[in-house]
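Accompanying notes for the structure given below.
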Amino acid sequence: MAIRSLSILPVALLLLVGNAAAADRHVTIINSTSTTMKMFFASNVDAKKWEEDILGDDVVLPGDSIDIDIDDGTGHCQYDFRALFNDGVESIKHHVNVCKVGNFYFND
């Protein structure tokens, strides 16, 4: 009986490690500004350039939000965010930990 229990232990440990590696990278982006957000970018901190516009044809109206899975497959938790608004304002935030942040606010 003890041998069977010990053989299950490594499998259980692998499952725990696997769950830790698969961190939740879902972030709710909240537009708390008075202007429509027309573009949003999230690139891991090691990326040399911005990834594609996540919103595509969508926009985030003032007071609205959008849920985004910010996972580029690299395992990174640290991302830089960039938002462009209809009034021409650009907002950049560096080193956002998407593994820990549930909500991220863009403010005036």
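Table for the structure above
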quantity	calculated
Residue that is nearest to the chain's Cα centre (by Cα), among those in the stretch 85-100 that are aliphatic (A, V, I, L, M) and surrounded by fewer than 17 Cβ atoms within 10 Å (Cβ to Cβ)	Ile92
Wholly within the stretch 62-108, strands (runs of 3 or more DSSP E) carrying at least 1 residues that are closer than 15 Å to Lys49 by Cα and of a type outside the set (Asp, Glu)	78-85, 90-97
Filtered residues of the stretch 31-78 (kept if under 15 Å from Glu90 (Cα atoms) and in contact (Cβ under 8 Å) with a residue 40 or more places away in the chain)	Asn31, Ser32, Thr33, Ser34, Thr35, Thr36, Met37, Lys38, Met39, Phe40, Phe41, Ala42
Scan of the stretch 56-84 for residues that are under 17 Å from Thr33 (Cβ atoms) and over 10 Å from the mean Cα position of the chain (by Cα), ordered by number	Asp58, Val59, Val60, Leu61, Pro62, Gly63, Asp64, Ser65, Ile66, Arg82, Ala83, Leu84
Residue tally, condition among the charged types (D, E, K, R) and at pLDDT 95 or above, over the stretch 65-108	6
Tally, over the stretch 39-61, of residues that are in a loop (DSSP other than H, G, I, E, B) and not basic (Lys, Arg)	14
Filter result for Thr35 (among the β-branched types (Val, Ile, Thr), in a loop (DSSP other than H, G, I, E, B) and modelled with pLDDT of 90 or more)	yes
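The values are calculated or read from the model by the stated rules, or taken from the named source; none is laboratory data. Just so we're clear, the structure is a prediction, and the values are computed from it rather than from any experiment. Reconstructed Cβ throughout: ideal geometry from the backbone, glycine too, with neighbour counts over all protein chains shown.
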